[in-house]
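See structure below.
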2 protein chains.
Amino acid sequence: MNKARIGLIGFGTVGSGVVKILKERAGKILDATGVELELAGVCDTDAGRRKEAEAEGAKILRSADEAIAASDIVVELIGGTDAAYDITRKALEAGKPVVTANKALIATRGSDLFAVARKSGTCMAFEAAVCAGVPVIASLRDGFASNRVTSLLGIVNGTSNYVLTKMSREGWTYEDALEEAQRRGYAETDPTLDVEGVDSAHKIAILSRLAFGAAFDFETVYTEGITRITPQDIHYAQEFGYVIKLLAVARNEEKLDVRVHPALLPKDHPLTFADGSLNAVCITGDAAGTVMLHGKGAGQMPTAGAVVSDLVDVALGRAAATFEHLKAFSENVERKEPVGMDDIETRYYARIMVDDKPGVLSTISGILGKNDISIASVIQMERDVVKAVPIVMMTHHARERDMRAAVAEIDGQDIVREPCLYMRVEQ
Amino acid sequence: MNKARIGLIGFGTVGSGVVKILKERAGKILDATGVELELAGVCDTDAGRRKEAEAEGAKILRSADEAIAASDIVVELIGGTDAAYDITRKALEAGKPVVTANKALIATRGSDLFAVARKSGTCMAFEAAVCAGVPVIASLRDGFASNRVTSLLGIVNGTSNYVLTKMSREGWTYEDALEEAQRRGYAETDPTLDVEGVDSAHKIAILSRLAFGAAFDFETVYTEGITRITPQDIHYAQEFGYVIKLLAVARNEEKLDVRVHPALLPKDHPLTFADGSLNAVCITGDAAGTVMLHGKGAGQMPTAGAVVSDLVDVALGRAAATFEHLKAFSENVERKEPVGMDDIETRYYARIMVDDKPGVLSTISGILGKNDISIASVIQMERDVVKAVPIVMMTHHARERDMRAAVAEIDGQDIVREPCLYMRVEQ
């Protein structure tokens, strides 16, 4: 279609950014791409937002149904997975393509929705759902079409990355860094989805499906957040030559290895370059090698820009051409078994807070040895009769199953003051 | 088209990589994208290469004409701009889409060829022409469709970057580093196009047209190579806190500022992260902010992978949908005036080899001052009665016109032993 009427559902931060771009750049976009994007109208359940939209010159539509009826392409920006699912489904059933920035929706109910889209001969586009304006979806979908993608490694949550960067650069505590992130608008009032890794899990689940063309349940993605990390851990990791990042990992081997957790990255690893609220993703394919994409993974205009680029994609028919056949989200895609976390093998960082008594290190290392875990290096702090002291160590390669068993046994010792914190090392 | 017969013209390094991918992955590509890519045949003027292609099971076609006739999509991989132009034009006139990795062809004769393609209702795709498997063309074309792109900064020539990295890391001379690059296959026997910046100029010209949607003559791109840089320059730049890279710059202001030259980048600049033969491009848009793409910008499989991804793009109709309207390479695109190099303003690094006599620095700084150039910092080496000694300096912001005038005057002094070397600083 050369002319597309846009029905915008949800006039929050990103929605108002979309209206701004359409107002300012529709002429240039027509000029450059041959696509005329026209805002049919906006609907939002919030009266204040409706007023704002009206002030921007947008026509107010009374319901999602009305927005769907009035448009050639529907933009869903209300978030969540309930109402958003119903609206998206209705739009697709009506044969209207949907552009969304909703990562939770695509990660948890994407296959369903794509099945509906196919049945109705229409499509969805969701570049804005992962890393905003960093074109990682397009890269996987188009640029890597000839590659067997073997792995994805990403820092895909700006909030967590901001918090860890502040802890690392300024020596702040987790709590202080989070507060500053909230003050700056990088973190929600309830930051759970971000700091517990759920947001990253949604994103890596979407990327994995595109990259590997295999289906798996979102619930199987192992997810661990950053809330237990202390400035001490950051400091010790640095001593060992590492940086701590909340990492999204996906590997396509016999089984699928998709997980999110804090990890130690060597200081010169490409991803450590993503600091503050920035995102970065490394895609490794058998032909292209490793390609890294890096930039703002969130924020009003980067996300709104990705939505509008998707509108061009849909209007030009590119999205339909891509997703008509793309197996990643189809019904008859191969299902792959997830690797159980017990079976992964890696090196570990561990911090164990102990009473400073003679023989403590020997007890701990005895338990590790018994569980087939050998210590690569260890830092034991000097004596302190009042407080617990940390024993900090890096292990050689070990199985997670063994590590868990060892940690359970260590945590059961009288001399241990708080549950052992351990993190995986990514080379 | 769901099934596409591929006519491959040119069975060199990249061509044989394309055949390898088609042999190994055609099934997977069909599976993932719905596109069946079938090699119709290969033609090459070299008998040895024909033999190799035959050994790979490819049908040998006797001429480019035969390859065009036998195929649905033509892949041009012979390089150069004469025969390649004729073949590409013939294919397009016959209504056959062309996929090419030929940067010189697209940079210098792209507009011509796109005009032919439009007239015949077909298209070209050329992701492989810039940074191989790093999807920078697709990102500009699709991901940044909603953005006003304001600037591009790139390290887009692996050979030069390898040479400068070796000089920087190991203290090697330019000559030794180039020899090693040739030994490793990173540099051609005649490395002129790479080390003199012409290859980078081709690439930044293509990217600029896509990014800015404006036309300009390739000949207006200012191009300067790395052959005069010495290990001393690398060392002094480091002292000042900079890294020397061969930089491709493009800015879209009142006039177009597109140029290639060695430049000093601050040590923490994102692009300095591209070391060895790697490439990196920073794209800055008004919505997305700065996105960096980083990876292998050359080599057999990365380039062949990009060609095959383009085949999928063409077969799915995405390339046609994109380029049908894309103004960047159309006849009626706005032509923009280039900024004259005389008019750019930047900071400079300069090294002047002088006789070590009293008053030399005062002479030099006098000439600079007269030309409106003020010195930010200077390093003058201790006395040496035999050899010339370097005066090395960083200037404040100055106009290139003034810098050139000053350098001409400095070079005319009796105390100056060789032409002054100066480089621009990019912040």
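The values are calculated or read from the model by the stated rules, or taken from the named source; none is laboratory data. In this text, all values refer to a predicted model and were calculated from it rather than measured experimentally. Note that we place each Cβ from the backbone using ideal geometry, even for glycine, and neighbour counts take in every protein chain shown.
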**Request:** Among the numbered conditions (1) modelled with pLDDT under 95; (2) within 16 Å of the chain's Cα centre (by Cα); (3) more than 30 Å from B:V149 (Cβ to Cβ), tell me where B:L210 comes up short.
**Result:** (3)
**Message:** Residues that are surrounded by 22 or more Cβ atoms within 10 Å (Cβ to Cβ) and within 25 Å of the chain's Cα centre (by Cα), at least 2 per element: which strands (runs of 3 or more DSSP E) completely within the range B:1-101 meet that?
**Reply:** B:3-9, B:73-76, B:98-100
**Asked** Any idea which of (1) buried (at least 21 other Cβ atoms within 10 Å of the Cβ); (2) part of a loop (DSSP other than H, G, I, E, B) is the one B:G185 doesn't satisfy?
**Response** (1)
**Message:** Looking at (1) of a type in the set (D, E, K, R); (2) buried (at least 17 other Cβ atoms within 10 Å of the Cβ); (3) more than 8 Å from chain B (Cβ to nearest Cβ); (4) under 22 Å from the mean Cα position of the chain (by Cα), which one does A:K327 not meet, given that it meets all the others?
**Reply:** (3)
**Prompt:** If you go through the range B:238-254 one residue at a time, do you hit one that is assigned to a helix (DSSP H, G or I) and surrounded by fewer than 19 Cβ atoms within 10 Å (Cβ to Cβ)?
**Reply:** yes
**Request:** Those residues that are acidic (D, E) and without any contact (Cβ under 8 Å) to a residue 12 or more places away in the chain, I need them from the range B:178-187; list them, please.
**Result:** B:E179
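Do the conditions hold for A:A319, that is, is it more than 8 Å from chain B (Cβ to nearest Cβ), closer than 30 Å to A:G241 by Cβ and modelled with pLDDT of 90 or more?
When the stated conditions are applied, A:A319 does not pass them.
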**Complete:** Checked the range B:6-51 for anything over 21 Å from B:N102 (Cβ atoms) and in contact with a helix residue (DSSP H, G or I) (Cβ under 8 Å, 6 or more places away or on another chain); matches are B:R25, B:I29, B:D31, B:A32, B:T33, B:G34, B:V35, B:E36, B:E38
**Asked** In this structure, does B:C123 turn out to be under 30 Å from A:V136 (Cβ atoms), crowded, with 21+ Cβ neighbours inside 10 Å and more than 12 Å from every other protein chain (Cβ to nearest Cβ)?
**Response** yes
**Message:** Residue pairs, Cβ under 9 Å, 6 or more apart or interchain, first in the range A:17-34 and within 12 Å of B:R148 (Cα to Cα), second crowded, with 18+ Cβ neighbours inside 10 Å and polar (S, T, N, Q). List them.
**Reply:** A:I21/B:S146; A:I21/B:N147; A:R25/B:S146; A:R25/B:N147; A:I29/B:S146
**Message:** Kindly evaluate A:A288 against the criterion of being touching a residue at least 40 places away in the same chain (Cβ under 8 Å), more than 23 Å from B:L278 (Cβ to Cβ) and either more than 7 Å from every other protein chain (Cβ to nearest Cβ) or buried (at least 21 other Cβ atoms within 10 Å of the Cβ) (or both).
**Reply:** no
**Item:** The one condition in (1) of a type in the set (S, T, Y); (2) within 14 Å of chain A (Cβ to nearest Cβ); (3) in contact with a Ser or Thr (Cβ under 9 Å, 6 or more places away or on another chain) that B:T223 fails to fulfil
**Value:** (2)
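Every residue, every condition in (1) within 14 Å of chain B (Cβ to nearest Cβ); (2) touching a strand residue (DSSP E or B) at 6+ places or on another chain (Cβ under 8 Å), yes or no:
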{"residue": "A:I29", "(1), (2)": "yes, yes"}
{"residue": "A:L37", "(1), (2)": "yes, yes"}
{"residue": "A:D44", "(1), (2)": "no, yes"}
{"residue": "A:E56", "(1), (2)": "no, no"}
{"residue": "A:I73", "(1), (2)": "yes, yes"}
{"residue": "A:K90", "(1), (2)": "no, no"}
**Fill in**
Scanning the range B:126-158 for residues that are in a helix (DSSP H, G or I) and more than 10 Å from chain A (Cβ to nearest Cβ), the one surrounded by the fewest Cβ atoms within 10 Å (Cβ to Cβ) turns out to be B:G158
**Sole residue being under 23 Å from A:T81 (Cβ atoms), in contact (Cβ under 8 Å) with a residue 24 or more places away in the chain and not assigned by TED's automatic domain parsing to the domain that holds A:T81, chosen from A:R118, A:R109, A:R141** = A:R141
**Complete:** Scanning the range B:363-412 for residues that are closer than 19 Å to B:Y242 by Cβ, crowded, with 19+ Cβ neighbours inside 10 Å and of a type in the set (V, I, T) gives B:I373, B:I391, B:V392, B:T395
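Residue check: is B:T159 in contact (Cβ under 8 Å) with a residue 12 or more places away in the chain, among the hydroxyl-bearing types (S, T, Y), on the phi < 0 side of the Ramachandran plot and not assigned by TED's automatic domain parsing to the domain that holds B:S377?
Values: in contact (Cβ under 8 Å) with a residue 12 or more places away in the chain: yes; among the hydroxyl-bearing types (S, T, Y): yes; on the phi < 0 side of the Ramachandran plot: yes; not assigned by TED's automatic domain parsing to the domain that holds B:S377: yes.
Against the criterion (in contact (Cβ under 8 Å) with a residue 12 or more places away in the chain, among the hydroxyl-bearing types (S, T, Y), on the phi < 0 side of the Ramachandran plot and not assigned by TED's automatic domain parsing to the domain that holds B:S377), B:T159 qualifies.
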**Prompt:** Does the range A:351-382 hold any residues that are small (G, A, S) and without any contact (Cβ under 8 Å) to a residue 40 or more places away in the chain, and which are they?
**Reply:** A:G359, A:S362, A:S365, A:G366, A:G369, A:S374, A:A376
